[in-house]
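Participant: Right, I'll just put the structure down here and ask away after.
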Amino acid sequence: MKNIGIKPIHPKEFKRVHNFSTYQMSRLSGYSVEALKNWLADESSSRFVEPKPYVLNHFGAIHNYLLRS
């Protein structure tokens, strides 16, 4: 399998780096605001859900695109 150079990034890190609101992240990524709120919740919260690897890859790809544009 060929490596396409995308480094996975957690939605929390993406939000910190790009300073986007949850709504902006939703519009950009295509994930619902509710799903994002679960991923962005404090890890000690019962609401917290760890995002799947494909979500981390998706945000990594968006991050790369934003850095290059």
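Participant: Out of (1) part of a loop (DSSP other than H, G, I, E, B); (2) among the hydrophobic types (A, V, I, L, M, F, W, C); (3) surrounded by fewer than 16 Cβ atoms within 10 Å (Cβ to Cβ); (4) at pLDDT 95 or above, what's the single condition that is false for Phe20?
Facilitator: Condition (3) is where Phe20 drops out.
Participant: Within region 40-49, can you find the residues that are surrounded by fewer than 17 Cβ atoms within 10 Å (Cβ to Cβ) and in contact with a helix residue (DSSP H, G or I) (Cβ under 8 Å, 6 or more places away or on another chain)?
Facilitator: So in region 40-49, the residues surrounded by fewer than 17 Cβ atoms within 10 Å (Cβ to Cβ) come out as 41-49.
Once the filter is applied, which keeps residues that are surrounded by fewer than 17 Cβ atoms within 10 Å (Cβ to Cβ) and in contact with a helix residue (DSSP H, G or I) (Cβ under 8 Å, 6 or more places away or on another chain), region 40-49 yields Arg47, Phe48, Val49.
Participant: Let me ask something else about it. Are any residues in region 29-39 open to solvent by 40 Å² or more (accessible area, probe 1.4 Å) and under 10 Å from the mean Cα position of the chain (by Cα), and if so, which ones? Please lay out each step first, then the result.
Facilitator: Residues of region 29-39 that are open to solvent by 40 Å² or more (accessible area, probe 1.4 Å), as a first pass: 30-34, 37-38.
Scanning region 29-39 gives a single hit, Tyr31.
Participant: Only one of (1) under 9 Å from the mean Cα position of the chain (by Cα); (2) open to solvent by less than 60 Å² (accessible area, probe 1.4 Å) fails for Glu13. Which number is that?
Facilitator: Failing condition for Glu13: (2).
Participant: I'd like to check something: does region 39-50 contain any residue that is polar (S, T, N, Q) and under 22 Å from Ile4 (Cα atoms)? Steps first, please.
Facilitator: Within region 39-50, the first condition is being polar (S, T, N, Q), and the residues that meet it are 44-46.
If we keep only those that are under 22 Å from Ile4 (Cα atoms) too, we end up with none.
Scanning region 39-50, I find no residue that is polar (S, T, N, Q) and under 22 Å from Ile4 (Cα atoms), so the answer is no.
Conditions (1) open to solvent by 90 Å² or more (accessible area, probe 1.4 Å); (2) without any contact (Cβ under 8 Å) to a residue 24 or more places away in the chain; (3) charged (D, E, K, R), marked per residue:
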residue	(1), (2), (3)
Asn3	yes, yes, no
Ile6	no, no, no
Met25	no, yes, no
Val55	no, no, no
Phe59	no, no, no
His63	no, no, no
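The values are calculated or read from the model by the stated rules, or taken from the named source; none is laboratory data. Keep in mind it's a predicted model, so treat the numbers as computed, not measured. FYI the Cβ positions are ideal-geometry reconstructions off the backbone, even for glycines, and counts take in every protein chain you see. The protein model used for the area step is the full one, side chains on, heavy atoms only, and it has no ligands, DNA or RNA in it. Shrake-Rupley method; radii C 1.70, N 1.55, O 1.52, S 1.80 Å.
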